[in-house]
Amino acid sequence: MALDPNTLYQEANCLGCNSNASMAEMLMLALLQRMVGGGGGTGGAGLVGTGSPQSVVVATEGTSYYDRTGFAYWYKTVGSDANGWTQVV
């Protein structure tokens with residue numbers, strides 16, 4: 001099943017309309033919006049893959065990554081090689 005970032009973005013916006021959303025849900029919303037909107041910062045577009053990006057995915061600082069098998073969000077904090085990823089959620 002392919003992950004469609006636009007569908008995720010629409011669902012995240014719906015979550016944001018819910019005034020009872022928890023802090024964790026709001027964090028997920030912010031991350032999804034950054035992923036679809038280009039990764040944030042000076043990094044590249046948000047990336048989607050399977051498994052941890054650490055030592056595998058080459059990206060620039062500021063890029064976001066969603067692991068669709070581990071349901072984890074990662075953010076590239078340093079460097080432009082395959083290292084420097086930090087798991088956020």
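Tabulated results
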read-out: Residues of segment 60-89 that turn out to be β-branched (Val, Ile, Thr), surrounded by 14 or more Cβ atoms within 10 Å (Cβ to Cβ) and touching a helix residue (DSSP H, G or I) at 6+ places or on another chain (Cβ under 9 Å), as a count; value: 1
read-out: Subset tally (residues that are β-branched (Val, Ile, Thr) and out of contact with any Leu (no Cβ under 8 Å at 6 or more places or on another chain)) for segment 71-89; value: 3
read-out: Cβ-Cβ under 9 Å pairs, at least 6 apart or on other chains, segment 78-89 side more than 17 Å from THR50 (Cβ to Cβ), far side of a type in the set (Lys, Arg) and surrounded by 14 or more Cβ atoms within 10 Å (Cβ to Cβ); value: GLY84/LYS76; THR86/LYS76
read-out: Matching option when the condition is in a strand (DSSP E or B) and hydrophobic (A, V, I, L, M, F, W, C), among VAL48, VAL89, VAL78; value: VAL48
read-out: Total residues in segment 49-77, condition over 12 Å from the mean Cα position of the chain (by Cα) and within 12 Å of VAL88 (Cβ to Cβ); value: 1
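Residue by residue, here is whether (1) free of Cβ contacts under 8 Å to residues at least 60 places away in the same chain; (2) among the hydroxyl-bearing types (Ser, Thr, Tyr); (3) in contact with a strand residue (DSSP E or B) (Cβ under 7 Å, 6 or more places away or on another chain) holds:
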| position | (1), (2), (3) |
| --- | --- |
| LEU47 | yes, no, yes |
| PRO53 | yes, no, yes |
| VAL56 | yes, no, no |
| SER64 | yes, yes, yes |
| ARG68 | no, no, yes |
| ALA72 | yes, no, yes |
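Readers should treat all values here as calculations from the given coordinates under stated rules, not as data from a laboratory. Nothing here was measured: the structure is a model prediction, and the numbers come from that model. Please note: Cβ atoms are built from the backbone with ideal geometry, for glycine as well, and neighbour counts cover all protein chains shown.
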